[in-house]
Amino acid sequence: EDIEVTFAVLPGTVPFCRARHDWVGAVLTIPEGLPQQDEIARLSQQPAFQQADIVVLDGYQFGETYRQALKQSGCQLALFDDNNNSGMLHADLVINGAANAEQLGYNLSAPDAKYCLGEKFRVLRREFTYADTSWAKRNSLLITMGGSDPANLTLPLLKALESAEADMPIRVITGAAYPWLGQLQAFLSKTNLGVQHIQDCQQMADAYC
């Protein structure tokens, strides 16, 4: 069955959408700088929103107040979540593909929701499934701990590599929600490791290859 999709994005995201040759769905641009309540009001006036069977929310910036207001607009709300650490979710469907997702307590933060939890619900674009993983063809190390590195593993891992006098080229990728950027940059300014750091990488499949 065909599903019509509309993406509501900020202007800065539009070039990324347009650059993808495999992009599917219409793009609805939300003006920069709108207060969250005004943003939801504007969305609610859009025909694509009014006709939607379900609204899917994905982003660290959408807090509890935003989710509640969106739900109160009358939509069916599906939410992609990572850590269940942002209050009540106000969602009809919660999606988390992490291996430990079932232990995060969604029954408390979204007691009336349906759950798609665990690795069988992990969402991957096709380009991530065809990378050549043969070790013989690899001569560098990629370190990435997800969008926010919730366990703060990037820095300790780099320090361990420094202690081990690692000499391979290293690429470190941190996400938009990574909260220890200043500490990482201070370490990179002093280390003898050969490190390239990329913040908020938009071409992860290429980086993995």
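Checked against (1) open to solvent by less than 70 Å² (accessible area, probe 1.4 Å); (2) touching a residue at least 40 places away in the same chain (Cβ under 8 Å), Ala176 passes all but condition (1). Taking residues in region 32-43 that are touching a residue at least 24 places away in the same chain (Cβ under 8 Å), and partners anywhere that are part of a helix (DSSP H, G or I) and open to solvent by 80 Å² or more (accessible area, probe 1.4 Å), the pairs with Cβ atoms closer than 9 Å and at least 6 places apart or on different chains are Gln36/Thr65; Gln37/Thr65; Ile40/Gln72. Exactly one residue among Leu89, Leu161 is in a loop (DSSP other than H, G, I, E, B), open to solvent by less than 40 Å² (accessible area, probe 1.4 Å) and touching a residue at least 24 places away in the same chain (Cβ under 8 Å), and that residue is Leu89. Taking every residue in region 5-30 that is in contact (Cβ under 8 Å) with a residue 24 or more places away in the chain and pairing it with any residue that is open to solvent by less than 50 Å² (accessible area, probe 1.4 Å), at least 6 positions away or on another chain, the pairs with Cβ-Cβ distances below 7 Å are Thr6/Gly25; Thr6/Leu28; Thr6/Ala48; Ala8/Leu28; Ala8/Ile30; Ala8/Leu43. Within the option set Leu10, Leu34, being over 28 Å from Pro111 (Cα atoms), out of contact with any Pro (no Cβ under 9 Å at 6 or more places or on another chain) and open to solvent by 50 Å² or more (accessible area, probe 1.4 Å) holds for one residue only, Leu34. Taking the criterion of being surrounded by fewer than 13 Cβ atoms within 10 Å (Cβ to Cβ) and not in a loop (DSSP other than H, G, I, E, B), the residues of region 183-204 that qualify are Gln183, Gln185, Ala186, Gln196. Take Ala41 and decide whether it is open to solvent by 40 Å² or more (accessible area, probe 1.4 Å) and small (Gly, Ala, Ser). Here the answer is yes, as Ala41 does meet what is asked. Taking the numbered list (1) closer than 26 Å to Asp206 by Cα; (2) at pLDDT 95 or above; (3) open to solvent by 50 Å² or more (accessible area, probe 1.4 Å) in turn, Leu124 passes all entries but (2). Highlighted here are the helices (runs of 4 or more DSSP H) found entirely within region 7-77 that include at least 3 residues which are more than 24 Å from Asn96 (Cβ to Cβ): 14-19, 36-44, 47-50. Please indicate, with yes or no, whether at least one residue in region 115-123 is under 28 Å from Val55 (Cα atoms) and of a type in the set (Phe, Trp, Tyr). Yes - at least one qualifying residue is present in region 115-123. Would region 131-149 turn up any residue that is polar (S, T, N, Q) and in a helix (DSSP H, G or I)? Checked against the condition, which is being polar (S, T, N, Q) and in a helix (DSSP H, G or I), region 131-149 yields no hits at all. Can you tell me which residue within region 177-209, out of those that are touching an Asp or Glu at 6+ places or on another chain (Cβ under 8 Å) and closer than 22 Å to Arg20 by Cβ, is modelled with the lowest pLDDT? Per the stated criteria, the residue is Cys209.
Restricting the first member to region 179-191 and to residues that are free of Cβ contacts under 8 Å to residues at least 60 places away in the same chain, and the second to residues that are open to solvent by 90 Å² or more (accessible area, probe 1.4 Å), the beta-carbon pairs closer than 9 Å and six or more apart or on different chains are Phe187/Lys159; Thr191/Lys159.
The values are calculated or read from the model by the stated rules, or taken from the named source; none is laboratory data. Quick caveat: nothing in here was measured; it's all calculated off a predicted structure. Note that each Cβ is placed from the backbone with ideal geometry, even for glycine, and that neighbours are counted across all protein chains shown. For the accessible areas, the whole protein counts, side chains as well, though only heavy atoms, and no ligand, DNA or RNA atoms are used. Shrake-Rupley method; radii C 1.70, N 1.55, O 1.52, S 1.80 Å.
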